[in-house]
Structures are given as C-alpha cells and as structure tokens.
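Working notes, beginning with the structure itself.
The values are calculated or read from the model by the stated rules, or taken from the named source; none is laboratory data. Bear in mind that the values here come from a model prediction, so they are computed numbers and not experimental data. Reconstructed Cβ throughout: ideal geometry from the backbone, glycine too, with neighbour counts over all protein chains shown.
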Amino acid sequence: MTDTLSASVPSAVGDHEIAQERRIVTAVPGPKSEALHARRLEVVSGGVGTTLPIYIDRAHDAIVVDVDGNQFIDLGGGIGVMGVGHTNDAVVAAVQEQVAKVTHTLFTVTPYEPYVRVAELLVKHTPGDHAKKVVLVNSGAEALENAVKIARKHTGRNGVAVLDHGYHGRTNLTMAMNFKAMPYNLGFGPFAGDVYHAPNSYPFHDGLTGAEAAKRTISYLEKRVGAQDLACLVAEPIQGEGGFIVPAEGYLLALQEWCTANGIVFVADEVQSGVARTGAWYASEHFGLVPDMITTAKGIAGGMVLAGVVGRAEIMDSAHAGGLGGTYGGNPVACAAAIAVFEQIEQRGLLHEAARIEGTLVPLLRELQAKHPAIGDVRGIGAMIAIEFVDPETHEPDAATVSRVAAAAAQHGVLVLTAGTYGNVIRFLPPLVITDELLREAVAVLDTVLSEA
C-alpha cells in the first residue's frame, strides 16, 4: 500500500488547489507541526487536549493539509461540523460578503435579517408542521442550557431526565447531564442539581427490544423521580460521544409518548446528528419523532460559530422578554454561513449523499468486521457510522486496539475519531461531499493497520 493516491481533480480554494487525495510527505507529525506544538505547550492550557499534534494549514471538501504539506482524508469532519465540506465555496462567499457589510450589532438590541432567515429555515426543516419558534446561540452546550431553562419555565418544574451514555457539553449544567465523567466532568463539580440519569437502549449490549428498553427507562424515572417533577427528558436520537448508539426500534417514540402524556417536554439533542448528517434534515425523522424542542449546532454553519433551539411556539414563548439571548448569539456572519449551508444541502442533494455514504461505507466496514473479529458491531445511519471493538471471547470493550488503529491510520493519512463510554468505538463523520474512492481507500488503510495491530 502506498501513502500517495493517484491525483484526482483538484479543488480551488482562493489561490490554492487541493487535490482530493491522500499524500504523506513527512513523518507525522512533521517538523513544522512539532515546532508549532512546542509553542503551543508554552501558552495553551494543558486542559485543552491534543488527539494528534498535526497543525492544519488549509482544507477543502474531505481533505485537510497540515503545515508540512501532508494531506489527510478527514473522516471526522471537525466532529461532524463540516457536513458541506471544508471551505465550501458558497459558504466562503457568503461569509466574505456578510463580513464586509456588518459583523455584529447584537440581535436583541438592533436586529438584522440573516438571524430571521436562519430561524425560518430551522422552522421549515425540523420535524412537525406545528407553529415553532427559535433562539440562536453559540454552541451545542449553550443550546442545551437554553432548552432546559425554557422547559423549566414552561412547566414550572425543575427535574431534567437524561439517558445513560449521553453527552451534552462542558458547561456546569451539561456536565451534570453527561454520563461519562472522564475527561468531561472529573474534578469540575459541584454540578447543577435535579438531573436524573436513566438507562438507555443499547441493542448491541442489552439485547432488549425498543418496548422493553422503554419500559425500563420509564419505570426507573417514575420510581426514582416521579413524572410530575420532570420538566424535560433530553435524548440524543443517535448518541454521539457515547458511541453512535442507535436505539432499538420504537424506543424513542415510546419515551416521547410517555412525555406527552405526563406534560414533560421532550428535547431531542441533535447537535451532532442534525443538519443532513443522517440523510434526513434531523435524525428524529428516522424514528418518527416530532420533538417538542430540538437543539442544533455543529453542521449548521459550515464551521462558523452558531447553534440554536427550535421548539413549539407556546413553549419557546414561555420565556419572558430578555430571558433569552447573548452577546454573540446569532452573529450575522455565522447566520450568513448557515443560510449558505441550507442552500448547499438542497442544491447539491446532500441528504442523498449521506445515504450514499452509508451505502458505500457500511458494506466496506462489514467486510472489515468479517476479517477482524475484534470489530463487534457496525452501526449508524447516513454519514454517522461507527464500529465498536470488543474482545471476541469475553465481549469486553477493547479500547487499546481502537487507540492503536486511530494512531496508525493517521500515520498513513487517514483521520478518524474515537468515541464510546469505554473508548472502544471508532466513529465516522466524513463531509457529505466525500467521494466513494476516498472512502474505499480509507477503509483499506484501516484494514492494513488492523492487521498490523
């Protein structure tokens, strides 16, 4: 296997051209990355971790190029942010145009049209034809904070239910909502109260049907908390950091029906799974869900900083004037980028492209699973796919192999992300514009490094 792919059609980015090919020309990390990393260690907090100390200089579509000139196939996409591809031409143009017009005024003081347009697009593309309203903020964690406080205001209740293996952010409230302590929560308490963790649906491990898993979750919450004290239940339709756990059929719908019957706001955390990632605008659609509120971020603005909460109008209007907002929330430049992202998804048929990626990647990974028994499960929807590693005999999580494979793949020019409560999952979040050729080559690299591992 060579570490240089034959040249494909280059993609223009400003004065640069980036061929959509893998190319390793130095050690990884190379000398320029190593020099930058030495500078980083002097001035950047050690709490800001480094998965791989390569420093990216430029990128386009599914290829990122480091300061040493190495080109990597990006199967992580900025943890799902780059759905329309790195430096998408339309997004770049929208940002350039907007930044020359107005970069900031604060929407709650002197508003502007791009914020309104993003809200209209979110109302249109989230599940349900009921009246909806929107608040725009900066990050997924901030969106979750706002969803919870709106639900509390609407219901007059305090309790927040979340599911095991869930991840929701690094703020005080969202840390309390996380399942995994290390590295997100450890030593950062005390945390916000009235947050209750309930068992989830994890078909690969629990073997339960959706109805059985839902009964277990609901029974726990009714006994441990009491439905009458819950303001909301927050669930990721497909759990992200938890390892791309796809729940058993009917599980989420049963939870939503229970919430509706008990006046509990059902919040779908679609920070990672939304904005065309799974082949639907929002992953809730795959499960027949019409959430009361949806949180959205990551892929919404092509790398610009933007997030939001979309919810039933009567719930969103529960907050008093001035109760929602923030200095940078719904920044006009980020909103311009988001508008371009929505247009690109429609114009380039990226919902279908996500389905194409699943159709290409899943069979390749199942072939890999057949050759390497440490791969216990292949799962996911659209361009949100994962493989879980376990000891073939004991079924115990195998994080060591995952770490070795991810590190070795990077040496060969393929960037993958790890995940899972036990660190034993490799997840794939490629840009939706990635070619089948690059996907096949990336899996071939994984095959090679798995054999070596």
#### Entry: Unmet criterion (only one of (1) surrounded by fewer than 24 Cβ atoms within 10 Å (Cβ to Cβ); (2) assigned to a loop (DSSP other than H, G, I, E, B)) for residue 168
(1)
### Query
Which condition does residue 308 not pass, out of (1) under 26 Å from residue 426 (Cβ atoms); (2) under 19 Å from the mean Cα position of the chain (by Cα); (3) not in a helix (DSSP H, G or I); (4) not basic (Lys, Arg), if it passes all the others?
(1)
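Pick from 314, 393: which is on the phi < 0 side of the Ramachandran plot and at pLDDT below 95?
Numbers: 314 fails: at pLDDT below 95.
One residue alone meets the criteria, 393.
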#### Entry: Which listed residue is closer than 21 Å to residue 140 by Cα, touching a residue at least 24 places away in the same chain (Cβ under 8 Å), buried (at least 24 other Cβ atoms within 10 Å of the Cβ) and not assigned by TED's automatic domain parsing to the domain that holds residue 118, from 307, 383, 301, 338
383
### Summary
Of the candidates 271, 275, 265, the one satisfying the condition of being buried (at least 24 other Cβ atoms within 10 Å of the Cβ), in contact with a helix residue (DSSP H, G or I) (Cβ under 9 Å, 6 or more places away or on another chain) and closer than 16 Å to residue 352 by Cβ is 275
### Query
How about the stretch 260-291: which of its residues are within 21 Å of residue 341 (Cβ to Cβ) and out of contact with any strand residue (DSSP E or B) (no Cβ under 9 Å at 6 or more places or on another chain)?
276, 281, 285
### Task
Mind counting the residues in the stretch 343-402 that are more than 30 Å from residue 125 (Cβ to Cβ), touching a helix residue (DSSP H, G or I) at 6+ places or on another chain (Cβ under 6 Å) and in a loop (DSSP other than H, G, I, E, B)?
2
### Query
Do you know which of the residues in the stretch 121-138 that are in contact with a Lys or Arg (Cβ under 9 Å, 6 or more places away or on another chain) and assigned to a loop (DSSP other than H, G, I, E, B) is surrounded by the most Cβ atoms within 10 Å (Cβ to Cβ)?
126
### Query
Restricting the first residue to the stretch 69-89 and requiring it to be free of Cβ contacts under 8 Å to residues at least 60 places away in the same chain, which pairs with a second residue that is aliphatic (A, V, I, L, M) meet a Cβ separation below 7 Å and a spacing of at least six or different chains?
69/25
### Task
Please work out which residue is farthest from the chain's Cα centre (by Cα), limiting yourself to the stretch 107-120 and to residues that are closer than 20 Å to residue 316 by Cα and outside any helix (DSSP H, G or I).
109
#### Entry: Total residues in the stretch 18-55, condition closer than 23 Å to residue 423 by Cα and of a type in the set (Ser, Thr, Tyr)
2
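Just to be sure before I move on: is residue 410 surrounded by fewer than 19 Cβ atoms within 10 Å (Cβ to Cβ), of a type in the set (A, V, I, L, M, F, W, C) and either under 20 Å from residue 25 (Cβ atoms) or over 23 Å from the mean Cα position of the chain (by Cα) (or both) in the structure I sent?
Working: surrounded by fewer than 19 Cβ atoms within 10 Å (Cβ to Cβ): no; of a type in the set (A, V, I, L, M, F, W, C): yes; either under 20 Å from residue 25 (Cβ atoms) or over 23 Å from the mean Cα position of the chain (by Cα) (or both): yes.
The answer is no for residue 410.
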### Task
Search the stretch 25-41 for residues that are of a type outside the set (A, V, I, L, M, F, W, C) and pair each with any residue that is assigned to a helix (DSSP H, G or I) when their beta-carbon atoms are under 7 Å apart and the residues are at least 6 apart or on different chains.
29/37
### Summary
Exception for residue 373 within (1) under 30 Å from residue 137 (Cβ atoms); (2) over 20 Å from the mean Cα position of the chain (by Cα) falls at (1)
### Query
Would you call residue 95 of a type in the set (Val, Ile, Thr), at negative phi and not in a loop (DSSP other than H, G, I, E, B)?
yes
### Task
Would you point out which residue out of 87, 105 is at pLDDT 95 or above and closer than 17 Å to residue 299 by Cβ?
87
### Message
Can you confirm whether residue 139 is of a type outside the set (Asp, Glu) and under 30 Å from residue 376 (Cβ atoms)?
### Response
no
### Task
List every residue pair whose Cβ atoms lie under 9 Å apart, where the two residues are 6 or more positions apart in sequence or sit on different chains, the first residue falls within the stretch 410-438 and is over 17 Å from residue 378 (Cβ atoms), and the second residue, located anywhere, is buried (at least 24 other Cβ atoms within 10 Å of the Cβ) and among the aromatic types (Phe, Trp, Tyr).
410/72; 413/72; 414/72; 415/72
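Run down 181, 227 and say which single residue is surrounded by fewer than 19 Cβ atoms within 10 Å (Cβ to Cβ), among the hydrophobic types (A, V, I, L, M, F, W, C) and modelled with pLDDT of 95 or more. Please lay out each step first, then the result.
Working: 181 fails: modelled with pLDDT of 95 or more.
Just one listed residue meets the conditions, 227.
Restricted to the stretch 67-105, and to residues that are of a type in the set (D, E, K, R) and within 24 Å of residue 34 (Cβ to Cβ), which residue is surrounded by the most Cβ atoms within 10 Å (Cβ to Cβ)? Write out each step before concluding.
Within the stretch 67-105, the first condition is being of a type in the set (D, E, K, R), and the residues that meet it are 68, 74, 89, 97, 101.
Now narrow it down to the ones that are within 24 Å of residue 34 (Cβ to Cβ): 68, 74.
On the way: 68: 21, 74: 26.
Filtering first and then ranking leaves 74.
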### Message
Could you list, ordered by first residue, the pairs with Cβ atoms under 8 Å in which the first is in the stretch 168-181 and under 21 Å from residue 237 (Cβ atoms) and outside the structural domain of residue 294 (by TED's automatic domain parsing) and the second is part of a loop (DSSP other than H, G, I, E, B) and of a type in the set (Asp, Glu), at least 6 apart or interchain?
### Response
none
### Task
Answer with yes or no whether residue 421 is of a type in the set (S, T, N, Q), assigned to a loop (DSSP other than H, G, I, E, B) and over 19 Å from the mean Cα position of the chain (by Cα).
no
### Task
Mind listing whichever residues of the stretch 17-49 are part of a loop (DSSP other than H, G, I, E, B), under 20 Å from residue 407 (Cβ atoms) and either aliphatic (A, V, I, L, M) or in contact with a Cys (Cβ under 6 Å, 6 or more places away or on another chain) (or both)?
24, 25, 27, 28, 48
